1. Taking helices (runs of 4 or more DSSP H) that do not extend beyond segment 1-116, which have at least 1 residues that are within 16 Å of the ligand (Cβ to nearest atom) and at pLDDT 90 or above?
2. Determine whether segment 172-181 contains at least one residue that is modelled with pLDDT under 95 and out of contact with any Lys or Arg (no Cβ under 8 Å at 6 or more places or on another chain).
3. What pairs come out if I take residues in segment 78-90 that are of a type in the set (Asp, Glu) and pair them with residues that are within 14 Å of the ligand (Cβ to nearest atom) and part of a loop (DSSP other than H, G, I, E, B) whose C-beta lies under 6 Å away, six or more apart or interchain?
4. Just to check your reading of the model, which residue among Asn275, Asn252 is more than 30 Å from Ile140 (Cβ to Cβ), open to solvent by 50 Å² or more (accessible area, probe 1.4 Å) and touching a Gly at 6+ places or on another chain (Cβ under 9 Å)?
5. Out of all the residues in segment 159-174, is one or more open to solvent by 10 Å² or more (accessible area, probe 1.4 Å) and within 30 Å of Lys342 (Cβ to Cβ)?
6. Scan (1) in contact (Cβ under 8 Å) with a residue 60 or more places away in the chain; (2) touching a helix residue (DSSP H, G or I) at 6+ places or on another chain (Cβ under 9 Å) for the single condition Ser300 breaks and write down its number.
7. Which of the strands (runs of 3 or more DSSP E) contained wholly in segment 117-234 include at least 3 residues that are under 21 Å from Leu29 (Cβ atoms) and within 15 Å of the chain's Cα centre (by Cα)?
8. Could you list, in sequence order, all residues of segment 303-317 that are over 27 Å from the mean Cα position of the chain (by Cα) and either surrounded by fewer than 22 Cβ atoms within 10 Å (Cβ to Cβ) or in contact (Cβ under 8 Å) with a residue 60 or more places away in the chain (or both)?
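The values are calculated or read from the model by the stated rules, or taken from the named source; none is laboratory data. Quick caveat: nothing in here was measured; it's all calculated off a predicted structure. Cβ placement follows ideal geometry from the backbone for every residue including glycine, while neighbour counts extend to all protein chains displayed. In case anyone asks, the SASA skips ligands and DNA or RNA and just uses the protein heavy atoms, side chains included. Shrake-Rupley method; radii C 1.70, N 1.55, O 1.52, S 1.80 Å.
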Amino acid sequence: MYLSYRLRALAAGAALMAGAALAQAQQALPNVVILATGGTIAGAGASAANSATYAAAKVPVDKLIAGLPELSKVATVRGEQVFQIASESFTNDNLLTLAKRVSALAKQADVDGIVVTHGTDTLEETAYFLNLTVHTAKPIVVVGSMRPGTALSADGALNLYDAVNVAASKDASGKGVLVTMNDEIQSGRDVAKAINIKTEAFKSQWGPLGMIVEGKSYWFRAPVKKHTMQSEFDIDQITTLPAVDIAYGYGNVPAAQYEAIGKGKAALVHAGTGNGSVADRAVPALQKLRSDGVQIIRSSRVNTGGFVLRNAEQPDDKYDWVVAHDLNPQKARILAMVALTKTRDTKELQRIFWEY
Ligand code: DAS
C-alpha cells in the first residue's frame, strides 16, 4: 500500500518537473508572429492531384499553424490574419497596411521575428517594399508556396517551417527582409518569381544568401545594398504612395501606349527589351512625359537578369532619365514609389537606385 503511494507520488513529481521543464523550455523559445495575407500557401484544391488548379487564400492562419505541430519546438508562434487575398490583387493600400503592422510588431519587446505568408505572384514586390521601409534588425521572412496544402508534395508546410526557423534565429538578424522558398534563403531585394509552375520558382541573378536544411540555416552571403535599419525611408512616415506605372517594351510597340499609361503619373517605369532599350518611335513619347514632370525609369524586361547602365542604350543624362540598375520593372516601381515620397530630383533618384 505504502509502496504504491510512494510510486504515485514519485510519478506525480516527475510529471510536474517535466511540465515545468517544458514550460521553461517553451519560455526560452523565441516569439515569432505569423502575419497571413492569403495566397497559395493558404490555398485548397478539390483533390490531391490538383497541384495547379485550386483556390488561393482559403485556409486561415490558425489552421496553417495547427497543421505544423513541429513549430512548437522552434518558437512560440502566434498568428494574425491581415488579409485573405491572392497576391495578384494586392494594392498600394495593402502594402502600407501590412508594412505598418510589421513595423509595429517589430517594435514590441515580446516579438523576436516576423513571418509574412503571401501569394507568390507579387511576393517579390512586398518583400522589397518591407526591405526598404521597415526599420528593424529583427528577422522578417516572407514565404509562399507554389502548391496548395491539399496537393501531393505540397511545398507550403516546409517553406513555412523554414520561415519560422529563420525568423527565430539570431543569425538572420540584420540581413534585410528574407524569403524562404524551396530550401533556399533569398534576399527580399534580389529574389523574383522566375518560373510560374515549379516549386523552384524563386531565383535571383546574384544567387541565394543561404540554405535551410532540417531547420538549420547555412549562410554564404549577406546583402550589401541599403535596407531596413540603414534605409532613409520609414513606413511610419509614409501615408500614401505616388502613382508609378509600368509600360512594357516589345516589337511593334505603339508609341501611344506610353502617353496612355504615363500621363499624370509621378513616374513611368519602362520595361525595356535587352539592356533597357527603347524603340526609336517611343523616345519622343517618353521625352514628352518627362517634360510634363513624369520621371522616366529605364528597366529591363529580361527575366531575373537585368542590368541597365546609364547612357548606354539611351542618353539618360541628356534626357534627364533614371536607370533601374539590376532591378526588374516591378521592383523598380516599388523603389520609385518609395523614393518619390522623399524627392522628385533626378540625380537624387538615381543615387537611390544605385544604393538600394
Ligand atoms: N494567385 C497566386 C498568389 O496569390 C497564388 C500563389 O502562387 O500564391 O500570388
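1. 61-66, 92-106
2. Taking segment 172-181 first, the residues modelled with pLDDT under 95 are none.
No, the conditions are met nowhere in segment 172-181.
3. From residues that are of a type in the set (Asp, Glu), the pairs are Glu88/Asp121.
4. Just a single option satisfies the conditions, and that option is Asn275.
5. Of segment 159-174, the ones open to solvent by 10 Å² or more (accessible area, probe 1.4 Å) are 161, 165, 168-171, 173-174.
Cutting the leftovers down to within 30 Å of Lys342 (Cβ to Cβ) gives us 173-174.
Yes, the conditions are met somewhere in segment 159-174.
6. All conditions are met except number (1).
7. 140-143
8. Taking segment 303-317 and keeping what is over 27 Å from the mean Cα position of the chain (by Cα), we get 310-317.
Listed by number, the residues that qualify are Arg310, Asn311, Ala312, Glu313, Pro315, Asp316, Asp317.
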